[in-house]
Amino acid sequence: MKDLDLVIPVKVARYEQLAETDRKLVDMAREATGRSYSPYSHFRVGAAILLDNGEIVTGANQENVAYPSGTCAERTSCYYAHATYPQAKFMAIAIAAKGTDGNEVANPIAPCGACRQALLEYETLAGHDVRVILTGAKELYILPSVRSLLPFAFTEF
Ligand code: THU
């Protein structure tokens, strides 16, 4: 028997330390929280995806009175991006959230398991790493890839 220690590489940064393109992506994810439809949780999440054609596609969580029918911001944005630009490859995604007090969360939130699996599909299609920027008011986490957020992912059958 042996141990397998998995490491998730995360860069912790402040907004001011980001490159301009990343700052724009974060700005757009933050802005997208304003388009959240979340009358049940009052938790507003926004996501912005940078594509290799230069477009940035945003999405926000869309809830439903039949709770499980709602979708997270990450899946709203990745399905919208691929349905709109089926040929484009994902380059990076930024995710932002506002808590029930209406303020941006202090510490970044991370995508749920289902969204990690959905995003991984587009990383696989892209054939390269898709950077993930998780945004908080205090600090941001930058991960090199979706895969780094989902070790032991189910990728083929
Ligand atoms: N939510 C997201 O949109 N993304 C996440 O990463 C976590 C949770 C949404 C789902 C639901 O509308 C609300 O936040 C509360 O869970």
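A few remarks follow.
- Within the option set GLY113, GLY127, being surrounded by fewer than 16 Cβ atoms within 10 Å (Cβ to Cβ) and either on the phi > 0 side of the Ramachandran plot or in contact with a His (Cβ under 7 Å, 6 or more places away or on another chain) (or both) holds for one residue only, GLY127.
- Here region 16-46 is the region considered, the condition is being hydrophobic (A, V, I, L, M, F, W, C) and surrounded by 10 or more Cβ atoms within 10 Å (Cβ to Cβ), and the residue that is farthest from the ligand (Cβ to nearest atom) is LEU18.
- Test: residue in region 134-153 that is outside any loop (DSSP other than H, G, I, E, B), more than 13 Å from the chain's Cα centre (by Cα) and not small (Gly, Ala, Ser): no
- Residues in region 92-109 that are crowded, with 16+ Cβ neighbours inside 10 Å, within 14 Å of the ligand (Cβ to nearest atom) and small (Gly, Ala, Ser): ALA94, ALA96, ALA97.
- Count of residues meeting criterion [within 16 Å of the ligand (Cβ to nearest atom) and closer than 19 Å to VAL130 by Cβ] in region 51-70: 3
- Taking region 71-91 as the range and being touching a residue at least 24 places away in the same chain (Cβ under 8 Å), within 12 Å of the ligand (Cβ to nearest atom) and not aliphatic (A, V, I, L, M) as the test, the residues that pass are CYS72, GLU74, ARG75, THR76, SER77, CYS78.
- Given (1) within 16 Å of the ligand (Cβ to nearest atom); (2) touching a Leu at 6+ places or on another chain (Cβ under 6 Å), number of the condition ALA13 does not satisfy: (1)
- The residue of region 90-125 that is farthest from TYR79 (Cα to Cα), among those that are within 10 Å of the chain's Cα centre (by Cα) and in a helix (DSSP H, G or I), is ARG116.
- For region 118-129, the condition of being of a type in the set (Ser, Thr, Tyr) and touching a Cys at 6+ places or on another chain (Cβ under 6 Å) holds for at least one residue.
No value in this document is a laboratory result; all are computed from the given coordinates. From a predicted model like this one, the values you see are computed outputs, not experimental measurements. Cβ: placed from backbone, ideal geometry, glycine included. Neighbour counts: every protein chain shown.
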